[in-house]
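The values are calculated or read from the model by the stated rules, or taken from the named source; none is laboratory data. Quantities reported herein were computed from a predicted structural model and do not represent experimental measurements. Note: ideal-geometry Cβ built from the backbone for every residue, glycine included; neighbour counts use all protein chains shown. We work out accessible area using only protein heavy atoms, side chains counted, and drop any ligands, DNA or RNA first. Shrake-Rupley method; radii C 1.70, N 1.55, O 1.52, S 1.80 Å.
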Amino acid sequence: TKVKALLTLVGGEPAGSDDVGALNPWLEVAEKDLLVQHALGYLNSSEVTWADLYRAVEVVQLDVGGKMHGLGWVSKNELERFRHTANSYKILGAEARHARDRFDPPKNPMTFAEADRFVRKLIREWVVWKTAP
C-alpha cells in the first residue's frame, strides 16, 4: 500500500521541513498498520458520511477497545452521544446507520461538524499513541 502526504501551504509558501518531518512517524505507521490505513481511508473522501465516521471509530475500538477512555482520548458520554446520533433515523433520516429507531432519539444530538471533529480528534490521538516510542 502506498501512502501519500499533501504538502500544506502556510501563507502561500510550503510548510517548513520541520513540519513535513513531523509527518514521518504518521506516514510510517500508516504504511505498516492496516487498521490505520482503514481508519484514515474512511476519512479520506470528498464526501465523508456518518457511516464513514462510525466505521473509523469502530477501527479504533477494534485496536484498543476501552483504552480510548482511560487514555483520555474521548469520554464515554461523548462516544455514546456520537453513536446514538449516528444510529438515529429520527435525527438523520436516510443518513442514519439504521433504517428505524429502537430507542428514542438523543436529547442533544451531534451535528455532523461536531461528529467529524470528534472522530478526527480520536483518530489523531490514536495515531499519535501508535507512533510514540
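Here are the numbers for the structure shown:
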quantity	calculated
Yes/no for Thr49 being polar (S, T, N, Q) and crowded, with 18+ Cβ neighbours inside 10 Å	no
Where a residue in the range 41-69 is closer than 15 Å to Arg117 by Cα and its partner, wherever it lies, is part of a loop (DSSP other than H, G, I, E, B) and modelled with pLDDT of 95 or more, with Cβ under 7 Å and at least six apart	none
Contacts under 7 angstrom Cβ, first residue in the range 76-104 being free of Cβ contacts under 8 Å to residues at least 24 places away in the same chain, partner in a helix (DSSP H, G or I), 6 or more apart	Lys76/His69; Ile91/Thr85; His98/Asn87; His98/Tyr89; Ala99/Tyr89; Arg100/Tyr89; Asp101/Tyr89; Asp101/Lys90
Qualifying residue in the range 16-34 (condition: acidic (Asp, Glu) and either at pLDDT below 80 or in contact with a strand residue (DSSP E or B) (Cβ under 8 Å, 6 or more places away or on another chain) (or both))	yes
Of all residues making up the range 52-79, the number that are open to solvent by less than 40 Å² (accessible area, probe 1.4 Å) and either within 24 Å of Pro105 (Cβ to Cβ) or part of a helix (DSSP H, G or I) (or both)	11
Residue within the range 80-92 that is under 20 Å from Trp50 (Cα atoms), in contact with a Lys or Arg (Cβ under 7 Å, 6 or more places away or on another chain) and assigned to a loop (DSSP other than H, G, I, E, B) present	no
